[in-house]
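Read the figures in this text as sums done on the coordinates, not as results from a lab. Bear in mind the structure is a predicted one, so any value in this text is a computation, not a measurement. Heads up, the Cβs are rebuilt from the backbone with ideal geometry, glycines too, and the neighbour counts pull from every protein chain shown.
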C-alpha cells in the first residue's frame, strides 16, 4: 500500500484547468493550451507522499532547474516558455511556476549513471550487470564506473516503482533512431552536468531526465526537448566529493534525513505494514530543507533567499 497520505485538493485558478497532481508538482493547462507546472513543497519517501512539507522545497527545485536549463541550452532545448505566475493564481506560486510548451513525451525515464548505487547496485550484486550492461568485477557501493552508462526505466504511477529496462526495450517502444538519440543526449547532458558539479566539489552519481517532442503541427516535430525538472536533489544523487568513500552508503544532498527518520525506531513506522507514515518532526524538516538549500547554493554559487 502506498500513495498520498493526504492527497491535496487542486487549487482552482480562473483560466486554468487542473490536469494532474503528482508527487511534487501540480499540472494545469491554460487557455493557450500551454502547460503550467507548479512545484509544491511536498516530499515523498518509500513510495509515500508524506503529510509534512519541506518549506521552500518547490521553489528550490524550480529555480535550480531553471539554472541548469541555462547551463545546458547549447546541448538541448527545453520546454519552458516563461516563469510568470498566471493571473489570479495564489501569491504562493511565485518562484514555483514553469509555463511550458506541450510535448509528446517519450515513454521512458532516461537515466544516466556514473557511479554504482541504488537499484543499479542491487542488480550488479546479482548479475554483474545494470540494465543488462556488463560491468567489471570488484565494484562496491559508490564505486565510479569505467564510463557513464545509459540505464533507462519505465515511468511509474504515484505509489509505484519505476522499472529498469534494457536498451533494447526502449528501441522497441520508440524506434531505434529515437532510442539512440535519447541515449546520446542523456549521456551528453550528464557529462556536462557532472563536470559542472565536480568543479563545485559535488559528485553527480546519477540522474534521470524526461524528453519529449513538439506537437506534430510545429515547425520541427522531431526536435528533442528536455522537460520536467532537471538535475535537482529530487531527480539526481549529489554527493559531497570530499566525503566520497566507495564501499558504504554516501552522504547526499537530498531527503536522506527523511528516509533515515522514517526507517529508524523514533518514527515507530513499519514501512512493510499497511499504515501510512506519520508526520515528520520539526528537526527532520529543518535538516532536509538545509540540504536542499546547500545543494542550490553550492551548485549555482548564489545564496538562497
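Arranged from fewest to most other beta-carbon atoms within 10 Å of their beta carbon, 202, 60, 196 become 196, 202, 60. Remark: spin-label model distance residue 196-residue 163 equals 3.4 nm, labels positioned 7 Å along the Cα→Cβ axis. A simple spin-label model places pseudo-atoms 7 Å from Cα toward Cβ; at residue 274 and residue 249 they are separated by 2.8 nm. Once the chain from residue 104 to residue 34 is taken as fully extended at 0.36 nm per residue, the excess over their C-alpha distance is 23.9 nm.
By DSSP, the beta bridges lying fully in the chain are antiparallel in about 90 percent of cases. Here residue 215 and residue 91 are evaluated by their C-beta separation; at R0 = 41 Å the FRET efficiency comes out at 0.80. Taking the fewest neighbouring Cβ atoms within 10 Å as the starting point, the ordered list for 36, 165, 285 is 165, 285, 36. Size estimate for region 88-206 follows the Kirkwood approach: the inverse of mean 1/r over distinct Cα pairs works out to 16.3 Å. The Cα atoms of region 6-69 cover 36, 31, 18 Å along the three principal axes, with the biggest extent listed first.
Taking N as the residue count of region 1-156, its C-alpha radius of gyration divided by 2.2 N^0.38 Å amounts to 1.26.
Given their separation in residues at 0.36 nm each and the Cα-Cα distance between them, residue 222 and residue 172 gain 16.2 nm when the chain is fully extended. Based on the Kirkwood approach, the hydrodynamic radius assigned to the chain is 20.3 Å, with every pair of different Cα atoms included. Under conditions of 4 °C and 1.567 mPa s, region 163-207 yields 109 µm² s⁻¹ as its translational diffusion coefficient, taking Rh as the Kirkwood radius over Cα pairs in the Stokes-Einstein equation. The GNM of the chain, with springs linking C-alpha atoms under 10 angstrom apart, assigns the highest mean-square fluctuation among 113, 271, 59 to 271. Under the simplified labelling scheme, the residue 12-residue 71 pair shows an inter-label distance of 4.2 nm, with each label point 7 Å from Cα along Cα→Cβ.
Ellipsoid fit via the Cα gyration tensor, region 178-265: semi-axes of 32, 16, 10 Å, each the root of five times an eigenvalue, largest first.
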